[in-house]
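Written out below as structure tokens is the structure these notes cover.
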Amino acid sequence: MDSRQNQITSGQLMGFIVSIQIGTGALSLSAYLARTCGHDGWISILVYGILVIAVISIIIRLLNRYNNKSIYEINKFLYGKYLGGVLNLLIVLYLWYSTCVNLRSYTNVIHVHLLRSTPTFILCVFSLIPTCYLVWYGLKYVARFSLTIYLSLSFSCLLFFLVFKDLRFNFLLPIGQSGIEGIKASFSPCVFAFLGYEVISVIYPEITNKKKAMKYAIGSNIITIIFCILLLLVTTSFFGEEMLKKTLYPLISLARSYRAPIIERMDILFIAMWLPVMAMTTRGYFCITYYSINKLLNLNKKARYLFVFTALTILLSDVPKSISSIEKYSNIMMISGALFSAFLVICYLFSFIRKKGVKPHV
């Protein structure tokens, strides 16, 4: 890909991260947290959100210690050519795995709520057509399209406002009933909801105004925290803890429960508004994976490489056959993402010991 087609601003970075974090994960977040920590899910979101902000700041500080380098180049400075190459391969495999899992989750939502008779394979093919079109032109255009996330979030907040009169805030009491054990039990769904910030370590060299990268990257996570807390508060107050545990996609069920004066099926309109958001989680990881492969293998932008990568992604995403298997693969993605984040923190600490490639006076 042409380097100019991959350059993005810090503002576009913020929209890009938010669009990856909020997508298919937000649809089922309330239900998962209700099962693990009851009505105190919003507390878990706040706690883990603050923890992720700390991790993001460490990642940016690591990248700032090196002159316009991504984690792929930093790994070779820290661990040598061969071990660094193996670590880079593992990172690409994680990103690719995340692409496949999110694609399968995305098509499952469409299959359950819209096109029940359409095979999953066909849904995957048609879902990736616009993604391939944007990825072909570069990261810049994917990041620009990701800014539509703000429109979808605004529509969701409008839905929250419309159902406000039906909320029963006594469902949120007593506050803190789940205690520390509840916060520990909610680790998996919370971490999964915030995954997406780690792509900063890959695309950092493409950011044009790096001085603002820290502020906008943290800002993206704050937006995610605020939206997820609003989502938890509204869905818990509307459905109640016990009913929420039995709901597959509470956000869609909330839209279905609202009766508008003119619009008969509010959930269909909501899904139509939310489809770009769900697609961006897949599109973001797809773009970063393809970008990484091009960087590591020095491939020219040729149609056959993108076609082969897309075909393999579709085939791999079709491996999970049921909702339970999707949850299992999503849990593996969560563990891998947590390990990747921990690895980036270790790299930051190790950079003070092995200073090869570190900028002077940093």
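Couple of notes before you dig in:
- 13 Å beta-carbon shell around I58, net charge (K/R +1, D/E -1): +1
- Converting phi to 3J(HN,Hα) with the Karplus coefficients 6.51, -1.76 and 1.60 and the offset θ = phi - 60°, region 216-233 yields 6, 5, 5, x, 4, 6, 5, 4, 4, 4, 4, 5, 5, 5, 4, 4, 5, 5 Hz in sequence order, with x at every glycine or proline.
- Averaging the Cα positions of each part gives two centres, and for region 140-173 and region 239-254 these lie 16 Å apart.
- Overall dimensions of the chain, expressed as equivalent-ellipsoid semi-axes from the Cα gyration tensor (√(5λ), whole Å, largest first), are 34, 24, 18.
- Sequence-distant residues sharing a close amide H with Y66 (under 5 Å, placed H): K359
- Expressed as a whole percent, the accessible surface of region 294-342 that belongs to carbon and sulfur atoms is 67, based on a 1.4 Å probe.
- Taking amide hydrogens as placed 1.01 Å from N in the peptide plane, the amide H of I207 sits under 5 Å from those of I8, each at least 5 positions away in sequence or on another chain.
- Normalised by the number of residues in the chain, the mean separation of alpha-carbon contacts (under 8 Å, six or more apart) gives a relative contact order of 42 percent.
- Part-to-part distance (alpha-carbon centres) for region 59-86 and region 277-335, which is given in Å: 23
- Accessible surface of region 1-153, 1.4 Å probe, proportion on carbon and sulfur as whole %: 67
- A 1.4 Å probe run over the protein chains yields, for the chain, 44 Å² of accessible area per residue, whole-number rounding.
- Unit Cα scatterers, Debye sum, region 216-362: log10 I(q)/I(0) for q = 0.10, 0.11, 0.17, 0.21 Å⁻¹: -0.62, -0.74, -1.33, -1.47
- Sequence-distant contacts, meaning Cα pairs under 8 Å at least 6 residues apart, place the relative contact order of region 171-310 at 20 percent.
- Degrees separating the helix 303-317 axis from the principal Cα axis of the chain, which is the longest one: 40
- Trypsin sites (Lys or Arg not before Pro) lying in DSSP loop within region 135-204, provided at most 16 other Cβ fall within 10 Å: R168
- At most 10 other Cβ within 10 Å, DSSP loop - trypsin sites (Lys or Arg not before Pro), region 65-119: R116
- Around E241: net Lys/Arg minus Asp/Glu count, Cβ-Cβ under 15 Å: +2
- Relative contact order computed over region 1-110 (Cα-Cα under 8 Å; 6+ residues apart), in percent: 16
- 12 Å beta-carbon shell around P205, net charge (K/R +1, D/E -1): +1
- Listed pairs K81/K355; K76/K215; K69/K215; K81/K356 exceeding 21 Å between Cα atoms: K76/K215
The values are calculated or read from the model by the stated rules, or taken from the named source; none is laboratory data. This one's a predicted model, so the numbers in the text were calculated from it and none came from an experiment. We place every Cβ from the backbone using ideal geometry, glycine too, and count neighbours over all the protein chains shown. Accessible surface areas use protein heavy atoms only, side chains included; no ligands, DNA or RNA. Shrake-Rupley method; radii C 1.70, N 1.55, O 1.52, S 1.80 Å.
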